[in-house]
1. How do the pairs read when you match residues in the stretch 82-99 that are in contact (Cβ under 8 Å) with a residue 60 or more places away in the chain with residues anywhere that are part of a helix (DSSP H, G or I) and of a type in the set (Lys, Arg), using Cβ under 6 Å and keeping only pairs 6 or more apart or on different chains?
2. If I ask for residues that are under 16 Å from GLU112 (Cβ atoms), among the hydrophobic types (A, V, I, L, M, F, W, C) and at pLDDT 95 or above, which ones from the stretch 66-90 would you list?
3. What are the residues in the stretch 115-133 that are open to solvent by 80 Å² or more (accessible area, probe 1.4 Å) and within 15 Å of the chain's Cα centre (by Cα), if any?
4. Would you confirm whether any residue within the stretch 54-75 is under 24 Å from VAL20 (Cβ atoms) and out of contact with any Lys or Arg (no Cβ under 8 Å at 6 or more places or on another chain)?
5. Between a first residue in the stretch 1-30 that is of a type in the set (Asp, Glu) and a second residue that is open to solvent by less than 30 Å² (accessible area, probe 1.4 Å), which pairs have beta carbons less than 7 Å apart while being 6 or more apart in sequence or on different chains?
6. Does the stretch 85-106 hold any residues that are out of contact with any Phe, Trp or Tyr (no Cβ under 8 Å at 6 or more places or on another chain) and open to solvent by 80 Å² or more (accessible area, probe 1.4 Å), and which are they?
7. Is it fair to say ALA82 is under 21 Å from GLU139 (Cβ atoms), open to solvent by 10 Å² or more (accessible area, probe 1.4 Å) and among the small types (Gly, Ala, Ser)?
8. Check the stretch 83-100 and report whether any residue there is basic (Lys, Arg) and within 24 Å of ALA6 (Cβ to Cβ).
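The values are calculated or read from the model by the stated rules, or taken from the named source; none is laboratory data. Here the structure is a predicted model, which is why all the values come from computation and not from measurement. Methodologically, a virtual Cβ is constructed for each residue, glycine included, from the backbone with ideal geometry; neighbour enumeration extends over all protein chains shown. Ligands, DNA and RNA are excluded from the accessible area calculation, which covers all protein heavy atoms including side chains. Shrake-Rupley method; radii C 1.70, N 1.55, O 1.52, S 1.80 Å.
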Amino acid sequence: MDIFTALRDDHDKQRHLMKVLVETEGNSPSRAMFFSDLKDQLEGHAVAEERFFYAPLIADDKSIDLSRHGIAEHHQIDKLVAKLEETDMSSPNWLKTMKELQHKVLHHLEEEEREFFPIAGKVLAKQEKQSLAKDYEAEMAEQ
């Protein structure tokens with residue numbers, strides 16, 4: 001497995017959790033559980049991705065701007081998650097903010113997969129892609 005497969009697997013988990021979350025209603029146990037899972041997934045993924053994907057790529061001229069952009073988007077996602085944590089789950093604003101988060105995350109994932117992965121594929125050596133995947137997965141397992 002390479003780093004791109006590992007990241008895509010987590011991207012798919014995030015897509016699924018967000019899809020399920022926007023279909024939940026009110027301050028229900030299922031909404032709380034799925035939101036907790038999504039928060040953990042987004043937080044762990046951002047930390048591991050920045051450490052084992054963006055960090056090695058930020059050193060290369062071809063990928064520095066995309067790395068910085070991805071990190072900036074992680075911060076925007078963190079702010080939306082914090083806003084959701086402060087909003088009553090039964091409030092219409094919660095679902096509105098959740099849909100905003102979903103839009104931001106889907107944009108981020110699509111941009112990474114379509115624009116950043118091909119560039120990163122040229123910057124990283126084959127062996128590096130595999131070792132980064134192992135490190136990324138180990139970090140995710142710890143969280």
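1. MET89/ARG31
2. Taking the stretch 66-90 as the starting set, the residues that turn out to be under 16 Å from GLU112 (Cβ atoms) are 66-77.
This time we only want the ones that are among the hydrophobic types (A, V, I, L, M, F, W, C), so: 66, 71-72, 77.
Once the filter is applied, which keeps residues that are under 16 Å from GLU112 (Cβ atoms), among the hydrophobic types (A, V, I, L, M, F, W, C) and at pLDDT 95 or above, the stretch 66-90 yields ILE71, ALA72, ILE77.
3. Of everything in the stretch 115-133, nothing turns out to be open to solvent by 80 Å² or more (accessible area, probe 1.4 Å) and within 15 Å of the chain's Cα centre (by Cα).
4. Step one: filter the stretch 54-75 for residues under 24 Å from VAL20 (Cβ atoms), giving 73-74.
Subset that is out of contact with any Lys or Arg (no Cβ under 8 Å at 6 or more places or on another chain): 74.
So far as the stretch 54-75 goes, yes, one or more of its residues are under 24 Å from VAL20 (Cβ atoms) and out of contact with any Lys or Arg (no Cβ under 8 Å at 6 or more places or on another chain).
5. From the stretch 1-30, the pairs are ASP2/ALA133; ASP10/GLN41; ASP10/HIS45.
6. Once the filter is applied, which keeps residues that are out of contact with any Phe, Trp or Tyr (no Cβ under 8 Å at 6 or more places or on another chain) and open to solvent by 80 Å² or more (accessible area, probe 1.4 Å), the stretch 85-106 yields GLU85, GLU86, PRO92, ASN93, LYS96, LYS99, GLU100, HIS103.
7. On the way: under 21 Å from GLU139 (Cβ atoms): no; open to solvent by 10 Å² or more (accessible area, probe 1.4 Å): yes; among the small types (Gly, Ala, Ser): yes.
Spelling it out, it is not the case that ALA82 is under 21 Å from GLU139 (Cβ atoms), open to solvent by 10 Å² or more (accessible area, probe 1.4 Å) and among the small types (Gly, Ala, Ser).
8. Taking the stretch 83-100 as the starting set, the residues that turn out to be basic (Lys, Arg) are 83, 96, 99.
After this cut, where a residue has to be within 24 Å of ALA6 (Cβ to Cβ) as well, the list is none.
No, the stretch 83-100 contains no residue that is basic (Lys, Arg) and within 24 Å of ALA6 (Cβ to Cβ).
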